[in-house]
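**Student:** Here it is: the structure, laid out below.
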Amino acid sequence: MTNSWIVNNYFDYMEMSFPQYHANLSEEDLHVLKELYFSINDFFVICSCFNKSEYESANFFNLINEFKSYISRLLLVVPINDKYLVDSLFRLLIEKLYRILYAHYHVNLLEASIRKHERRKMSSRLIGKLNKKDDLDNLYNEYSELIHHSNPTTSDLLNFRQLSEINVDLITYISEKVEILKEIFIEDFFISKVGEADLDLASKMRLRNQLINQTSKRLEEVSII
């Protein structure tokens with residue numbers, strides 16, 4: 001990875017906007033946050049391959065841009081330390097990802113139509129097409145339950161001062177879920193989509209140089225880069 005310096009922009013923002021939170025970060029906390037930042041940054045690097053005129057009319061184009069916007073907001077929620085906000089974002093991201101995958105396998109459908117499809121209908125029509133469909137469905141069910149607040153959580157009754165305390169467990173929790181989303185996105189969308197057309201050299205070099213090692217190696221395994 002040749003762009004490791006970019007995380008400093010995030011820490012500068014945090015120091016300015018959440019000075020107390022930033023001041024209390026330990027070296028371990030900073031390391032965990034860096035890993036989260038670069039994991040989320042992988043989505044931006046991967047999706048940059050679709051920043052081309054030939055994709056602008058694709059039914060998934062706007063959905064991908066929205067997905068990037070919302071996954072980056074996880075970084076904004078970290079210093080607020082509110083798990084319910086985190087879970088709300090994950091529920092939205094999972095549904096966005098569902099629609100991106102549905103669009104990929106239904107290229108003739110208009111974006112407006114894809115946005116209106118029920119999740120249950122999309123799920124049934126994607127049976128046998130996704131390698132990680134069970135993972136996606138499990139995430140959807142898990143976060144639907146969390147958002148509907150079927151069961152109380154330990155953070156429900158925390159006041160704003162308690163919420164503002166650093167919680168490395170929450171950062172780790174976010175990182176783990178982001179990695180699952182990334183695995184699904186790469187396995188069931190990106191590998192298949194870029195397999196339809198060879199990537200240009202510039203895109204391959206960007207992926208090789210700007211992704212974290214784990215993600216880069218996965219794409220090397222399937223000869224994407």
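**Student:** Would you work out which of Met14, Ser72, Val168 lies farthest towards the positive end of the dipole of the range 4-221? Charges go on Cβ: Lys and Arg +1, Asp and Glu -1.
**Tutor:** Of the options given, the answer is Ser72.
**Student:** Which distance in nm do the two modelled labels at Glu95 and Tyr70 give, with both placed 7 Å along the Cα-to-Cβ direction?
**Tutor:** 0.7 nm
**Student:** Here are some values of semi-axes √(5λ) of the Cα gyration tensor in Å: (1) 59, 23, 13; (2) 28, 22, 17; (3) 30, 24, 14. Which one was computed from this structure?
**Tutor:** Computed from the coordinates, semi-axes √(5λ) of the Cα gyration tensor in Å corresponds to (3).
**Student:** Still on this structure, please answer the following. Name the most mobile residue of Leu97, Leu139, Leu201, meaning the one with the largest mean-square fluctuation, in a Gaussian network model of the chain with Cα contacts below 10 Å.
**Tutor:** Leu201
**Student:** Further question on the same structure: Given the pairs Lys34/Lys116; Lys68/Lys204; Lys34/Lys133; Lys34/Lys177, which span a C-alpha to C-alpha distance of over 26 angstrom in this model?
**Tutor:** From Lys34/Lys116; Lys68/Lys204; Lys34/Lys133; Lys34/Lys177, over 26 Å: Lys34/Lys116; Lys34/Lys133.
**Student:** If I fit a long axis through the Cα atoms of helix 61-77 and take the longest principal axis of the Cα atoms of the chain, what angle between them do I get, 0 to 90°, rounded to 10?
**Tutor:** 10 degrees
Only the coordinates and a few stated rules stand behind these numbers; no lab work does. Here the structure is a predicted model, which is why all the values come from computation and not from measurement. With ideal geometry, Cβ positions are generated from the backbone for all residues, glycine too; neighbour counts draw on all protein chains shown.
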